[in-house]
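Heads up, the thing below is written out as structure tokens.
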Amino acid sequence: MSSCWRILLGLSAVLATACSSLVAPYRQYEIRFDAPARPPLGGSPSDSEPIDSIAWLMHHRLDLPFPPDIKVYVFVNEAAFVDGLNKIAGEKSEEARERRFAFGVATRGALFLRGDYLARMNLAGRASLIAHELTHISQDRLRQGGRARPAQWVLEGHAEWVKFKVVDLLGYRAYAESRDIMVRAALGSTIQSFPDLPALTDNAAWIEATRRIGAMATYGQAFLAVDWLVEQYGNAKLLEFLGRFALDADPREHWRTVFPLSYREFADKFRTRLEGLGRPRPPAPRGS
């Protein structure tokens, strides 16, 4: 190989290294809630446009509170994502590493997203991910200063409920259609193997059940439970319940203060309802 070619190859390697170093590991945004109307979404929106639009809908249409300054970090790949969770979110290296396959992670005042995953999603998929994770930030705001947190099934079921509402508000898929999809997924599962709702109270039990049985037994079941809870008592009551965790009060009193039936009674009634999905309903009496 001539010395000229060696020089050219050497320059190419230097340029490649220099260019790669110019690619930032993440893009940073700050969510705006002060727009007079929902920020519009084009056919090929930037990272920030759907985030601002979804956050506006959640705050102004679904009455969800948020902290004043929320930063969003969109990472270029897995390594950058893990590094961001460690250095920006303050997670321990091992904890950040365990989340390396997550699509997104919400902390009290920030949202961490995998940009490489977002790039492969359609608009409805991106909206679903962003809305779900932003709901967790809102939930933290609702219980700020409290000494406990709601059951994990309530938190995750609520995040799924908000997700489907946002997808509907954006015009991507009707809420009723999303609910029907989840019902059909439940019917295709072995519902008898699903854990009872009270068994999905803490995060460790939630993760274990998701790994052992699958997401339908946890996320799907939790969504259907929250959907039924809201259907029975309304979204305002659910937000009131979540907000009570900011009080310096016995957390066991929150449910019975807000809802007219006990926690155990709701869980039992929901279980009966869940196991009855797909069964033929008796004909309505004449004259009804």
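The values are calculated or read from the model by the stated rules, or taken from the named source; none is laboratory data. Everything quoted here is computed from the prediction, not taken from an experiment. Note that each Cβ is placed from the backbone with ideal geometry, even for glycine, and that neighbours are counted across all protein chains shown.
Summary table below
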{"quantity": "The listed residue being closer than 28 Å to Gly157 by Cβ and not hydroxyl-bearing (Ser, Thr, Tyr), out of Pro36, Pro50", "calculated": "Pro50"}
{"quantity": "Out of Gly171, Gly234, Gly243, sole residue that is crowded, with 16+ Cβ neighbours inside 10 Å and under 30 Å from Pro39 (Cβ atoms)", "calculated": "Gly243"}
{"quantity": "Search result, residues across the range 82-107 that are more than 19 Å from Ala119 (Cα to Cα), aliphatic (A, V, I, L, M) and part of a loop (DSSP other than H, G, I, E, B)", "calculated": "Ile88, Ala89"}
{"quantity": "Residue check, Arg61 surrounded by fewer than 16 Cβ atoms within 10 Å (Cβ to Cβ), under 24 Å from Asp168 (Cα atoms) and modelled with pLDDT of 95 or more", "calculated": "yes"}
{"quantity": "Qualifying residues in the range 1-57 (those that are among the aromatic types (Phe, Trp, Tyr), more than 22 Å from Phe75 (Cα to Cα) and surrounded by 10 or more Cβ atoms within 10 Å (Cβ to Cβ)) - the one modelled with the highest pLDDT", "calculated": "Trp56"}
{"quantity": "Long-range neighbours under 9 Å by Cβ, at least six apart or interchain, first residue in the same structural domain as Gly220 (by TED's automatic domain parsing) within the range 252-274, second among the acidic types (Asp, Glu) and in a helix (DSSP H, G or I)", "calculated": "Thr257/Glu240; Val258/Glu240"}
{"quantity": "Residue match in the range 76-94 (condition: under 30 Å from Gly171 (Cα atoms) and aromatic (Phe, Trp, Tyr))", "calculated": "no"}
{"quantity": "Residue satisfying all of: in the range 246-265; charged (D, E, K, R) and in a loop (DSSP other than H, G, I, E, B); surrounded by the fewest Cβ atoms within 10 Å (Cβ to Cβ) among these", "calculated": "Asp248"}
